[in-house]
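Colleague: Mind looking over this structure? Questions follow.
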Amino acid sequence: MSPRDILRVGAVGLRARRARVVLSALGIAIGIATMVAVVGLSESSRADLMAQLDRLGTNLLTADVGEAAGGQQVKLPKNAVAMVERIGPVQHATATGEVTARIRRSDLVPVERTAGVTTQAARTDLLTTLGGRVDQGVWLNPANERLPVTVLGAVAAERIGVTRPGETIMMNGVRVVVVGILHPIELVPTLDRVALVGFPAAERYFGFDGHPTTIFERSTDASVEDVRAILARTINPGAEGTVKVSRPSDALAARAATDKGLTTLMLGLGAVALLVGGVGVANTMVISVLERRQEIGLRRSLGATRGSIRLQFLTESLLLSALGGATGAVLGALATYAFARAQGWTAVVPPWSLAGGLAATLLIGMVAGLYPAIRAARLHPTVALNAT
């Protein structure tokens, strides 16, 4: 028989039992849709993370103050930022410092209710170094950093209940004007939960000692690791062990690695679903052989060889699996695009996931149809024609 004849004969059984075909193909479709969607969503998420890393940069380092061997709190030198700026590849350096100040919405709120917002002193070049921006109002500048004004992080403003610049809050017993609200800072999310005041204002109104607690620096991409190696001893010579240096972008890279591990797990679940679908196809084909024994006997008596019978049922099994696989690939791609759009990601469906899913489908169809096809070919024409 020609390939066209083989396909036509193989499709006869599918057209005659459409409800059973749909149910059998559904098992394959679910497995393929799961695998395609898992790969697509993982790649879309990873592409979004990589785009985020490219946008934010991987050349930001932070240095936080730690503790001495005896558990004593260490203070960084007041000129730590100036010393960091002397490192050749460093492009920007700035700092924040912890300030002891209880924050309340107004003087009518009890002192113990601080809404979980802390206070930090900040230099005027903080946003330039971090790549942050102000959502509402203005940032600290030389004109206001000495005044009782503050810029709130996005979460801090929400917790306190401040919705626009110009409102006032209480810091200890000082009434402070909110001059700005920040857009979330993706690389340093801890700053979203703080109220920032200028270094001079923190010293004047809240007893800040002027010692920074966190140093932020950006250098050239090629020199990040070199700067990282010497940053601690530059900031605190002779006591570099008390300075903890980290790269915020590493957290995003770790998320990408975690997503990859979760993708592997979900692919395993998809493979199980595909295997269950394959068992369903095999069961359907076995029942089809039992129901069509007379047809098999008639074809054998008219001259069909055992090879032709095997090829007929193998083709039928492959067509059934391919139908489920194609449907599953389309559903998986649509699910990926829908979810990625809802998350604001760029949808990515790797072509290899579609090709791999279809290849797996054909393999499942081949394996699932092999035993029924052999069983059909072994039927003796006389026995098959007398079957009831």
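The values are calculated or read from the model by the stated rules, or taken from the named source; none is laboratory data. Every value quoted in this text rests on a predicted model; they were computed, and no experiment measured them. FYI the Cβ positions are ideal-geometry reconstructions off the backbone, even for glycines, and counts take in every protein chain you see. When the accessible area is computed, the model is the full protein with side chains, heavy atoms only, and any ligands, DNA or RNA have been set aside. Shrake-Rupley method; radii C 1.70, N 1.55, O 1.52, S 1.80 Å.
Colleague: Can you work out which of the residues in the stretch 136-153 that are outside any loop (DSSP other than H, G, I, E, B) and open to solvent by 30 Å² or more (accessible area, probe 1.4 Å) is farthest from Leu182 (Cα to Cα)?
Modeller: The initial filter retains those residues of the stretch 136-153 that are outside any loop (DSSP other than H, G, I, E, B), namely 136-137, 149-152.
If we keep only those that are open to solvent by 30 Å² or more (accessible area, probe 1.4 Å) as well, we get 136-137.
Details: Gln136: 7, Gly137: 9 Å.
So, considering only residues that are outside any loop (DSSP other than H, G, I, E, B) and open to solvent by 30 Å² or more (accessible area, probe 1.4 Å), the one farthest from Leu182 (Cα to Cα) is Gly137.
Colleague: Select, from Glu158, Glu186, Glu203, the only residue that is farther than 19 Å from Ala95 by Cβ and outside any loop (DSSP other than H, G, I, E, B).
Modeller: Within the list Glu158, Glu186, Glu203, the selection yields Glu158.
Colleague: Right, another one. Quick check: anything in the stretch 160-172 farther than 21 Å from Arg113 by Cβ and surrounded by 18 or more Cβ atoms within 10 Å (Cβ to Cβ)?
Modeller: Within the stretch 160-172, the subset farther than 21 Å from Arg113 by Cβ is 164-166.
Pick out the ones that are also surrounded by 18 or more Cβ atoms within 10 Å (Cβ to Cβ) and you get 165.
The answer is yes; a qualifying residue exists.
Colleague: Of the residues Thr118, Thr100, Thr96, which is open to solvent by 50 Å² or more (accessible area, probe 1.4 Å), at pLDDT 80 or above, within 31 Å of the chain's Cα centre (by Cα) and β-branched (Val, Ile, Thr)?
Modeller: One residue alone meets the criteria, Thr118.
Colleague: Further question: Failed condition for His211, given (1) under 34 Å from the mean Cα position of the chain (by Cα); (2) in contact (Cβ under 8 Å) with a residue 40 or more places away in the chain, with all others met?
Modeller: (1)
Colleague: If I ask for residues that are buried (at least 16 other Cβ atoms within 10 Å of the Cβ) and not small (Gly, Ala, Ser), which ones from the stretch 352-381 would you list?
Modeller: Answer for the stretch 352-381, where residues must be buried (at least 16 other Cβ atoms within 10 Å of the Cβ) and not small (Gly, Ala, Ser): Leu354, Leu358, Thr361, Ile364, Leu370, Pro372, Arg375, Leu379.
Colleague: Now, a different point. For residues that are open to solvent by less than 10 Å² (accessible area, probe 1.4 Å), at pLDDT 80 or above and out of contact with any Asp or Glu (no Cβ under 6 Å at 6 or more places or on another chain), scanning just the stretch 40-61, find the one that is nearest to Thr336 (Cα to Cα).
Modeller: Gly40
Colleague: Can you tell me which residue in the stretch 309-351 is farthest from Glu43 (Cα to Cα), limited to those that are of a type in the set (D, E, K, R) and open to solvent by 40 Å² or more (accessible area, probe 1.4 Å)?
Modeller: The qualifying residue farthest from Glu43 (Cα to Cα) is Arg310.
Colleague: Report yes if some residue within the stretch 203-214 is crowded, with 19+ Cβ neighbours inside 10 Å and modelled with pLDDT under 85; otherwise report no.
Modeller: no
Colleague: Of the conditions (1) open to solvent by 20 Å² or more (accessible area, probe 1.4 Å); (2) at pLDDT below 85; (3) of a type outside the set (D, E, K, R), Gly66 clears all except one; give me its number.
Modeller: (1)
Colleague: Give the residues of the stretch 215-243 that are assigned to a helix (DSSP H, G or I), open to solvent by less than 30 Å² (accessible area, probe 1.4 Å) and farther than 20 Å from Val74 by Cβ, sorted by residue number.
Modeller: Ser223, Val224, Val227
Colleague: If I ask for residues that are open to solvent by less than 40 Å² (accessible area, probe 1.4 Å) and part of a strand (DSSP E or B), which ones from the stretch 70-93 would you list?
Modeller: Listed by number, the residues that qualify are Val90, Ala93.
Colleague: Being among the hydrophobic types (A, V, I, L, M, F, W, C) and assigned to a strand (DSSP E or B) is the filter here; which residues of the stretch 106-135 pass it?
Modeller: Matches in the stretch 106-135: Ala121, Ala122, Val134.
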